[in-house]
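Worksheet for the structure shown next.
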Amino acid sequence: MSCAGKAVGLRPPGEALSYKLVEDELALLDKSIHEFWNKFKGNVSDISCQMLGLRDAYKDINKAFAEKLSVKLKEEERMIQILLEYQNQICRQNKLIQEKKDNLLKLIVEVKSKKQEMEVLTANVQDLKEEYARKKETINTAKKASEERLKRLQKSVDVYKDRLGLEIRKIYGDKLQFIFTNIDPKHPDSPFMFSLHLNEARDYEVSDSAPHLECLSELQENVRKTKNFSAFLANVRKAFSTMAYN
């Protein structure tokens, strides 16, 4: 009994030494773990502080960047607004320029049209001038011819006034009035008359005979054909004499 109890309560010397080494190693391990943990906690605390610092720095940087970005965006918006306004101004200016260009083209067309019209009018005026010159020359020629006729008539008047008792008067409407006397033997001073003028065709136009002669139109046609005015006056006087004697 005593031997068995002694075997249970006591350890051999080698086993006691091994147990001591294990305890020392465990104590050293525990110490190392404790030191590591303290160091780890310190490192974690430092890292946490660094992370907080980095977070705050990031926030500040992000805030500054956001502010700069906001200012930049506002500047860009303002530049875009200015650019759009410039574009609108350019569009308006281009529209005005196009309108002025269209108006100028219309004006050029109108000027060309007016120029053509002026050329036509100038040609018409020139034609009218030439026609007027021709008509004027014709009128002058007719006037000279009329003057020559009047001269011949005056000569005839001078002759017939003395021999046939003929008087010629100028009356209204550029007419000449021929008055015969010494036709009626009973009343030598009784007048026998007719009027004469040149029409637009420059032919003799006889009218207003007193007393009225039925053959006056026939005598008129005859003098227009023959141009013999002396014979015409003689025939008129003869017609008046026949009327007086009858």
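The values are calculated or read from the model by the stated rules, or taken from the named source; none is laboratory data. Quantities reported herein were computed from a predicted structural model and do not represent experimental measurements. Cβ sites come from the backbone with ideal geometry, for glycine too, and all protein chains shown count toward neighbours. Only protein heavy atoms, including side chains, enter the accessible area calculation; ligands, DNA and RNA are left aside. Shrake-Rupley method; radii C 1.70, N 1.55, O 1.52, S 1.80 Å.
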Once the in-chain neighbours fewer than 8 apart are removed, the lysines whose Cα is under 18 Å from LYS106 read LYS95, LYS114, LYS115
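Give me the number: length gained by fully extending LYS20 to SER32, i.e. 0.36 nm times residue separation minus the C-alpha to C-alpha distance, one decimal in nm.
Using 0.36 nm per residue and subtracting the Cα-Cα distance, I get 2.5 nm.
Considering only protein heavy atoms, what per residue accessible area in square angstrom results for the chain with a 1.4 angstrom probe?
Values: 19940 Å² over 246 residues.
Accessible surface, normalised per residue, equals 81 Å².
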On the accessible surface of the chain, probed at 1.4 Å with all protein chains in place, carbon and sulfur together account for a percent value of 59 percent
Quick calc, the chain, dipole around Cα centre from Cβ unit charges on Lys, Arg (+) and Asp, Glu (-), nearest 20 debye, gives 1060 debye
Percent of all Cα-Cα pairs per 5 Å bin for the chain, counting from 0 up to the last occupied bin, reads 1, 4, 6, 7, 6, 4, 3, 3, 3, 3, 3, 2, 2, 2, 2, 2, 2, 2, 2, 2, 2, 2, 2, 2, 2, 2, 2, 2, 2, 2, 2, 2, 2, 2, 2, 1, 1, 1, 1, 1, 1, 1, 1, 1, 0, 0, 0
Restricting to Cα pairs under 8 Å and 6 or more apart, the percent relative contact order of the chain works out to 7 percent
With a 22 Å threshold on alpha-carbon distance, the violating pairs from LYS136/LYS227; LYS135/LYS227; LYS151/LYS227; LYS151/LYS175 are LYS136/LYS227; LYS135/LYS227
